[in-house]
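The values are calculated or read from the model by the stated rules, or taken from the named source; none is laboratory data. Owing to the predicted nature of the structure, the values given are computational and were not obtained by experimental measurement. Here the Cβ is made from the backbone with ideal geometry for all residues, glycine too, and neighbour counts use every protein chain on show.
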Amino acid sequence: MSRNSSGNPKTTPGSDESGPTAPADRIVALDALRGFALLGILVINIWLFGLPTIAQFNPTLYGDFTGANYLAWAISHVFFEQKFVTLFTFLFGAGMVLFLESKERKGQPGRMLHFSRTFWLLVIGLGHAYLLWYGDILVFYALCGFLVVWVWRWRPSRQLVLGTAMFSIPSILYLLTGVGYLSLSEDGRAELEEEFLAAFGAGLSPEREIEIYQGGWLEQVAHRIPVVFEFQTLGFVFEAFWMLGGMMIIGMALYKWGVISNQRSTRFYKRLLVVAGGLGLALVLVGVWLREVFAWETVPVLTLAFQFNYWGALLLATGYLAGIMLLCRWLRDGLVVHALAAVGRTAFSNYLLQTVVATSIFYGYGLGLFGQLGYLELLGVVVLIWAIQIPLSVWWVNRFRFGPVEWVWRTLTYRQRQPMRLES
């Protein structure tokens with residue numbers, strides 16, 4: 001096995017130690033990983049769509065949390081929570097480098113186009129957040145995109161150090177909060193818990209929140225505006241920038257090392273799957289055990305037990321990444337990879353489609369099922385939405401160059417109408 005000038009393994013096509021794949025195959029791998037991440041994100045976002053906020057932070061405080069519902073929560077938490085948004089954020093950072101490298105090769109003003117692209121992402125995200133759903137992540141991605149782009153040329157080792165350091169800051173802040181909480185009196189703990197939940201948007205009673213989201217759209221917007229504004233200001237400064245920005249920079253490093261673009265050896269990905277995936281899963285399971293040790297006391301769970309999922313998710317997501325890279329090698333012409341790649345190519349459209357479908361199911365202007373379903377039933381809704389998105393995405397990419405929202409975004413970025421239909 002030899003190495004090319006970028007340090008990535010290189011072998012003959014089709015061998016077990018295959019290194020760099022053909023350019024088209026690398027795109028398929030990236031798209032498949034993006035589609036995999038987008039579908040997985042919904043498993044956790046469905047809690048935000050369908051449950052009062054308090055249930056997302058302490059599921060023992062709302063509804064049935066026994067038997068099948070506990071099992072559904074456990075599966076979602078262990079295998080999905082934070083793992084898929086980590087993958088998606090890695091890809092956003094990698095995509096930033098891919099975009100800028102492409103523009104540089106073509107002699108185009110890459111940074112200017114990046115800022116234009118990011119500005120329109122911000123505009124669409126603001127509309128999504130304030131008009132439809134408070135759980136939007138596009139605004140955070142755009143704000144981070146304006147800031148982390150300045151390190152895209154750094155060596156990947158420096159990017160990894162910086163990204164990891166940034167990612168650790170929220171962890172340290174929560175750890176200090178949790179230690180401080182344990183030193184308080186009973187009255188002090190109760191007061192801190194109330195302030196903590198209010199800061200996370202869980203200040204309303206579940207009954208009042210259900211009333212709002214089963215009501216009309218205008219009432220929902222009035223409730224959503226202050227919540228979203230706090231998330232996008234204080235939440236961004238103290239948590240989201242460090243967490244998401246750090247993961248984006250790690251994604252840049254993974255791309256430059258060829259990890260996220262399926263350029264490393266099969267042996268490398270197998271080891272990464274076992275080691276990173278195994279360690280990550282072990283950490284997450286310890287965190288679940290600690291929740292029981294803390295008897296689901298809200299602040300210790302959110303500040304101390306949470307640490308194990310926070311760091312475990314980073315490792316487990318890396319294991320997932322390796323698994324998808326292997327899948328794209330072993331079944332690159334198969335139906336599963338093709339379907340995941342189709343979802344990935346239309347990820348922006350699919351992300352917004354998830355909101356439209358889910359809010360139509362749960363909010364008052366639709367079926368009004370907010371707060372009415374348990375964790376197991378919510379997983380059923382996820383499968384239903386997947387059953388809509390996956391075949392629709394395959395149908396779409398067989399006919400069009402871009403997803404509908406991707407087409408709008410691209411047209412706004414380049415200030416020129418883009419071709420839409422594939423040539424027959």
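Do any helices (runs of 4 or more DSSP H) lying entirely in the stretch 274-367 carry at least 1 residues that are touching a Leu at 6+ places or on another chain (Cβ under 6 Å) and more than 18 Å from residue 32 (Cβ to Cβ), and which ones are they?
Values: elements: 306-330, 335-345, 347-362.
The helices (runs of 4 or more DSSP H) meeting that bar are 306-330, 347-362.
Please go through the stretch 194-222 and give me each residue that is of a type outside the set (A, V, I, L, M, F, W, C) and surrounded by fewer than 18 Cβ atoms within 10 Å (Cβ to Cβ), ordered by number. If you could, list the steps in order and put the result at the bottom.
Narrowing the stretch 194-222 to residues of a type outside the set (A, V, I, L, M, F, W, C): 194-195, 201, 203, 205-209, 211, 213-216, 219-220.
Across the stretch 194-222, the qualifying residues are 194, 195, 203, 205, 206, 207, 208, 211, 215, 216, 219.
Within the stretch 208-263, track down each residue that is closer than 20 Å to residue 142 by Cα, small (Gly, Ala, Ser) and in contact with a helix residue (DSSP H, G or I) (Cβ under 6 Å, 6 or more places away or on another chain).
Within the stretch 208-263, 240, 245, 246, 251, 253 meet the criteria.
Hey, could you check the stretch 223-251 for residues that are touching a residue at least 60 places away in the same chain (Cβ under 8 Å) and within 22 Å of residue 50 (Cβ to Cβ) and say which is surrounded by the fewest Cβ atoms within 10 Å (Cβ to Cβ)?
Narrowing the stretch 223-251 to residues touching a residue at least 60 places away in the same chain (Cβ under 8 Å): 224-225, 227-228, 231-232, 236, 238-251.
Narrowing the set further to residues that are within 22 Å of residue 50 (Cβ to Cβ) leaves 224-225, 227-228, 231.
Details: 224: 20, 225: 13, 227: 18, 228: 22, 231: 21.
Per the criteria, the residue is 225.
Let me spell it out: the conditions are (1) crowded, with 21+ Cβ neighbours inside 10 Å; (2) modelled with pLDDT of 95 or more, and residue 30 meets all of them except one. Which number is the exception?
So residue 30 meets the others, but not (2).
Within the stretch 233-255, can one find any residue that is modelled with pLDDT of 95 or more and farther than 30 Å from residue 127 by Cβ?
Among the residues of the stretch 233-255, at least one is modelled with pLDDT of 95 or more and farther than 30 Å from residue 127 by Cβ, which makes the answer yes.
Only one of 120, 150 is more than 17 Å from residue 233 (Cα to Cα), part of a helix (DSSP H, G or I) and in contact with a Ser or Thr (Cβ under 8 Å, 6 or more places away or on another chain). Can you tell me which? Quick ask: steps written out before the conclusion?
Details: 150 fails: in contact with a Ser or Thr (Cβ under 8 Å, 6 or more places away or on another chain).
On inspection, the qualifying residue turns out to be 120.
Could you run through the stretch 165-187 and say how many residues are more than 21 Å from residue 313 (Cα to Cα), out of contact with any Leu (no Cβ under 9 Å at 6 or more places or on another chain) and assigned to a helix (DSSP H, G or I)?
Selection size over the stretch 165-187: 2.
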